[in-house]
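*Asks:* I have a structure I would like to understand better, so I am pasting it below and will then ask my questions one at a time.
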Amino acid sequence: MIKTIQMTIDDALLQQVDRTVEDLNTTRSAFIRLALQQALRHYQMRRLEERDEAGYTVVPAATTETDEWATEQEWGSAWNGAK
């Protein structure tokens with residue numbers, strides 16, 4: 001179900017939105033829906049990060065817990081642009 005809502009927005013922000021939707025060839029509604037979805041995903045991710053941080057504060061990771069992932073941090077010559 002789609003609902004129509006009314007919202008208040010200041011002129012400067014509305015001008016930015018209007019320029020952006022024109023550049024993207026979309027509508028205000030579509031742009032705002034996308035922005036809200038992204039903001040909600042960001043919020044959820046931050047909540048999960050805070051939960052994990054709190055958990056590791058209470059029960060810290062063992063020093064060997066991440067050893068198996070150590071090699072995943074090595075980028076080697078590919079990272080330096082070498083072929």
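*Asks:* Got at least one residue in region 27-34 being without any contact (Cβ under 8 Å) to a residue 12 or more places away in the chain, among the polar types (S, T, N, Q) and surrounded by 10 or more Cβ atoms within 10 Å (Cβ to Cβ)?
*Replies:* Taking every residue of region 27-34 in turn, at least one turns out to be without any contact (Cβ under 8 Å) to a residue 12 or more places away in the chain, among the polar types (S, T, N, Q) and surrounded by 10 or more Cβ atoms within 10 Å (Cβ to Cβ).
*Asks:* Could you pull out every one of the helices (runs of 4 or more DSSP H) wholly within the chain that has 1 or more residues that are modelled with pLDDT of 95 or more?
*Replies:* 11-24, 28-58
The values are calculated or read from the model by the stated rules, or taken from the named source; none is laboratory data. Just so it is clear, the model here is predicted, and its values are computed rather than measured. So basically every Cβ, Gly included, is an ideal-geometry build from the backbone, and we count neighbours across all protein chains shown.
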